[in-house]
Each structure stands twice: as C-alpha cells, then as structure tokens.
Amino acid sequence: MAVILAGIILPGCTGLPAPDIKFVDHGVRYSSKPDFARVEHEHPLGAADLARLTPETLKRYDQEQIDQIYVRLTAGIMPDGLFDGSPFLPKGNSGDENLAGIIGVLKGITSRPQTRTLELLANHLWHKKVFNSASRLARTRIDDLVPFEHLISRDPAIPSRTAVRGKEEWLMFPARLYCGQSLLDSRRESIIIDYSYADSIPGYRKFPDYLTGRWGMEVRDEIRMVRPGFYLGRAYLGKIFFRNFTLYNEDLAKRELPMFLKRNKIRQACWQGEQIRPIAAAPVQDR
C-alpha cells in the first residue's frame, strides 16, 4: 500500500504533469470521436488510475480527454456535506468561444445585462456547495454578497446562513439531487444537480435563486465520482454544455483513499451493489 500511495499525486502539488491516462485517438471532426463503449473496453480505469487524478491535473487535459475520463466513471455515492468546487476550461480553451456560443443559442441571452448575469453565475455557482444526501438537496455557499446585492435587495427575506471554518457563508440557489441519464453518456446514469424546480424547495428566495431555475438560466449539472470525496462534473444551461467542474472534500478524499485502493470497489447510489474496478486493462485482440 505504501508503494501505491507514494505514486499518487496529492492535491496541492502544482506544476506536476497529468497522470498517464490512456485515451483513444481522435481527430478534429466530430465523426472521428470514438464510441464511448470502445473507450471503456480498451482502456478501463482502475482504482490506482483514479487515485492519481486530482482537481488540478484534470485541467491539463483537452475536452475530448476529459470526456473520455468522464464516460469511464460511474455515479458512485451521493455527495454529502461540504464540497469545494472548481469550474475549469479544458487545455487550449480560453472560454471566449464557449461563452459566445451559449449567448448565441440560449434563449433570452441577448443583452449585456444578461451576459453579465451569466458571468456572475460562472464566477460563483460552481465554487462551493453543501449537500444533504438524506433529503437529496444541494445549495451553493456564497461568502461575498456584494455581487448579488442588486438582486438580494429586491427580496425582503433574509438569506439562510451557515458557518464554515468559523466564517459565515450564505446559502443560495437550491437544487434537487437525483439519479438521471447523462446528457453526454446515456449508457449509465449520473447524479443530477437540478435547479429547475428550486421554487418548490423550502428556503427558496426568488431573488437571486430564480437565476438558475426554469425562469432563468435553466442550470442542470451532472456529476460522476472519481473516488470518494472527489467528483467530476458537467454544467449545462438549457441542455447546452457550458463548463467542466470538480467537487472536492479534502478530508473525505484523504480519509477514504487507502480503503478505496484496498477494496477496488465503488458503492453506487444509482443502482444496487458495487462496481469492481479492473486491476489492469485487458489486451485488445486484433481481428
């Protein structure tokens, strides 16, 4: 076990290369994209592979590689407790083309104020979360109300608050958690973070919570577990892919890592039983 742990890149280590994860080659055209079942068959990810991935190293891959990692993951366990998030762009993407594409397609995003609203969400929505797996609810933790003051002032209700590491944070943008079909990979379910019907969740405040719901940007996130305490996510606005993000609970990830490597199994929230990770990829036979 000590030998295995020594080869794992721990969070916080910067400047290190991306782990040696294998991918199926592809070209620029969409028609060259490999079938996801083929990716998983030829290059399955074992527990040791997943243990080497971190929120930082994922940023070193291009979008096709991130997608190929995502489709080899499973939903895993339902997140519970505090998670720090990190939205990120793939290698070689500045984000300008992504934002322009969203503005050009998503309904209602036609003016500068609406563009600023989208930028506001991008800067805050995927950074800090708190999950309650028992009630299947999630909320965004906001530690600075200044960017939202012009919206909050329109609702007399006081935002819900919580204390995290001795610092006060406000809870906004409620969402429901459930298992549902991935918009990228329909072969298996992901854990969905759905803001569409936030107005039915206790504690909902129209301002600013409507921004993520069915009368706003129609945000729908989906996540799959890399390992306990660590999830890779995909954010959608009106079913249009917007951004990658990670969710990470450092204490949980460090505590569960040795057992994850030892058992080589993943408990599942979206179907009964466990998935056993392969020790190594099976050789591909030429036909």
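Screening Thr212 with (1) in contact with a Phe, Trp or Tyr (Cβ under 8 Å, 6 or more places away or on another chain); (2) polar (S, T, N, Q); (3) surrounded by fewer than 22 Cβ atoms within 10 Å (Cβ to Cβ) gives one miss only, at (3).
When restricted to residues that are exposed (fewer than 15 other Cβ atoms within 10 Å of the Cβ) and either under 19 Å from Leu247 (Cβ atoms) or of a type outside the set (Lys, Arg) (or both), region 161-170 contains 6. For region 170-195, a residue qualifies if it is small (Gly, Ala, Ser) and either touching a His at 6+ places or on another chain (Cβ under 9 Å) or at pLDDT below 95 (or both), and exactly one does: Ser186. Scoring Pro11 on the criteria (1) within 26 Å of Val130 (Cα to Cα); (2) at pLDDT 95 or above leaves a single failure, condition (2).
Inspect all residues belonging to region 173-181 and state whether any of them is over 18 Å from the mean Cα position of the chain (by Cα) and not aromatic (Phe, Trp, Tyr). No, region 173-181 contains no residue that is over 18 Å from the mean Cα position of the chain (by Cα) and not aromatic (Phe, Trp, Tyr). Condition first: outside any helix (DSSP H, G or I), among the hydroxyl-bearing types (Ser, Thr, Tyr) and either within 18 Å of the chain's Cα centre (by Cα) or at pLDDT below 95 (or both). Can you find one or more residues in region 43-58 that meet it? Looking for residues that are outside any helix (DSSP H, G or I), among the hydroxyl-bearing types (Ser, Thr, Tyr) and either within 18 Å of the chain's Cα centre (by Cα) or at pLDDT below 95 (or both), one finds at least one in region 43-58, hence yes. Please indicate, with yes or no, whether at least one residue in region 252-274 is modelled with pLDDT under 90, basic (Lys, Arg), closer than 15 Å to Thr74 by Cβ and part of a loop (DSSP other than H, G, I, E, B). Scanning region 252-274, I find no residue that is modelled with pLDDT under 90, basic (Lys, Arg), closer than 15 Å to Thr74 by Cβ and part of a loop (DSSP other than H, G, I, E, B), so the answer is no.
The values are calculated or read from the model by the stated rules, or taken from the named source; none is laboratory data. For clarity, every value in this text was computed on a predicted model and none was experimentally measured. Because the Cβ atoms are built from the backbone with ideal geometry, glycine has one as well, and the counts that use them run over all protein chains shown.
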